[in-house]
Amino acid sequence: MNTIFKTILCPIESDELYLDALEFSRSIARQNDAKLYVLTVVSKFSAEEGLESGNRVGLREAARTELLDNVPYEFVIRTGEVVDEIIAAVESLKVDLVVIPTHGRRGLSRVVLGSVAERIVRESPVPVLTLRSQ
């Protein structure tokens, strides 16, 4: 069977929205016999404060919840600005697809807070699948 996606990137944080994206990414990876990269980006401030190790523990916990059963995966932690680091990971890991959740903000909150997912869609050299919060 020819696989469309051999490598998938799923950037996550610690809320439930990201766990849904991780579960969906796992499903796509299983269907395509693909490797899943689970990425978290730590801000430079958090890294300086020693919070990066806490993120690693959180990622390992996600793996223990059986979200990644039967799929080859690798955890990746990068430090810097979120969008820049996601795009850099797409290029350095040579992924074929990015799966990212979106909060679906509109109006002033979108203008003020911006949209990481929207920027990823615009800047990614590979297809991006966005999942809207329920």
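The values are calculated or read from the model by the stated rules, or taken from the named source; none is laboratory data. Since the model is a prediction, treat every value here as computed from it, not as a measurement. FYI the Cβ positions are ideal-geometry reconstructions off the backbone, even for glycines, and counts take in every protein chain you see.
Tabulated values for the structure
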read-out: Subset of region 21-40 (residues that are at pLDDT 90 or above and not in a helix (DSSP H, G or I)); value: Asp33, Ala34, Lys35, Leu36, Tyr37, Val38, Leu39
read-out: Single residue of Ile100, Ile120, Ile77 found to be surrounded by 13 or more Cβ atoms within 10 Å (Cβ to Cβ), at pLDDT 85 or above and in a helix (DSSP H, G or I); value: Ile120
